[in-house]
Amino acid sequence: MKNQSLTNFNVPIGTRTRFDQICELTGKTRTSVLIELMERHIIEQGKVLESRNRQIEKVDDTLRKSRRIMSFKEFLRSNPQPNRNGGQRGLKPDRSQSPPENQINGRRD
């Protein structure tokens, strides 16, 4: 077959001996078992990667939402709304234009 490739790798002798014995007892070839193990690993790791990607997407979504909230808060800070007293929220009233307290009550001390 043209869609196959010969793959060689080093294995400890004891591991290879036991693996060959198990393959013989189960009636499977070394190649078929290794391919099955590789495919199983691909599927399992594919699930792990998919889960990891979903988690990263959730974090990205949370960060986008957080940035929108922060932007709104920054908007509020940069555009203070008038409060009940006619001043602006977050700003101290300008006392330089107000008459002294004793003049408001009609008294002069």
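The values are calculated or read from the model by the stated rules, or taken from the named source; none is laboratory data. No experiment lies behind these values; they were computed from the predicted model shown. Glycine gets a Cβ as well: all are built from the backbone with ideal geometry, and neighbour counts include every protein chain shown.
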Mind counting the residues in the stretch 5-28 that are of a type in the set (A, V, I, L, M, F, W, C), loosely packed, with under 10 Cβ neighbours inside 10 Å and part of a helix (DSSP H, G or I)? 2
Condition test on residue 95, is it modelled with pLDDT under 90 and exposed (fewer than 10 other Cβ atoms within 10 Å of the Cβ)? yes
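Restricting attention to the stretch 29-45, does a residue exist that is without any contact (Cβ under 8 Å) to a residue 60 or more places away in the chain and in a loop (DSSP other than H, G, I, E, B)?
yes
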